[in-house]
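S.K.: Pasting a structure below so you can have a look.
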Amino acid sequence: MNRFLLSFEDYTIILNALHYYKKVEKRGAFKQYDDDRVNAVRDKMALQITGEETDEGKLKLKVFVVLSLLINVGLIWYCL
C-alpha cells in the first residue's frame, strides 16, 4: 500500500484546489472530471486521512469535511 504523509494544511490546500476546480470550465479530456468525480476524490482523501469506514467513521468523515470547508472559507475571508 502506498502511503502519503500529508499535514492538515496540505490536505486543506488540496481540498481548496478541488473546490475551485469544480467551478472552472473544463476542456478536452478534463471534461470527464465532473463535480461528482471531484467529490468522490475529496471523500476518498478524507476517508484515507480518518482511516475508518464504520458508521462512526463515516460520521467523523462528514465532520472532518465540514470543518475543512469552514477552515477554507475562513482562510478566504482572511485573505480578502
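S.K.: With labels modelled as points extended 7 Å from the Cα through the Cβ direction, what inter-label distance (nm, one decimal) is found for Val41 paired with Lys62?
M.R.: According to this spin-label approximation, the distance is 2.5 nm.
S.K.: Starting from the 7 Å offset along Cα-to-Cβ, what nm value, one decimal, do you get for the label separation of Lys26 and Phe8?
M.R.: 3.1 nm
S.K.: Right, next: How much length would be gained if the chain were fully extended between Tyr33 and Leu69, taking 0.36 nm per residue of separation minus their Cα-Cα distance, in nm to one decimal?
M.R.: Working: separation 36, 0.36 × 36 = 12.96 nm, distance 2.04 nm.
Value of the extension gain: 10.9 nm.
S.K.: From the phi angles alone, apply the Karplus equation (6.51, -1.76, 1.60; θ = phi - 60°) to segment 7-14 and give each ³J(HN,Hα) in whole Hz, x where the residue is Gly or Pro.
M.R.: Using θ = phi - 60°, the values come out as 7, 4, 5, 4, 4, 4, 4, 5 Hz.
Each reported figure results from applying straightforward, stated rules to the coordinates on display, with no laboratory input. Model, not experiment: these values are computed from the prediction. Please note: Cβ atoms are built from the backbone with ideal geometry, for glycine as well, and neighbour counts cover all protein chains shown.
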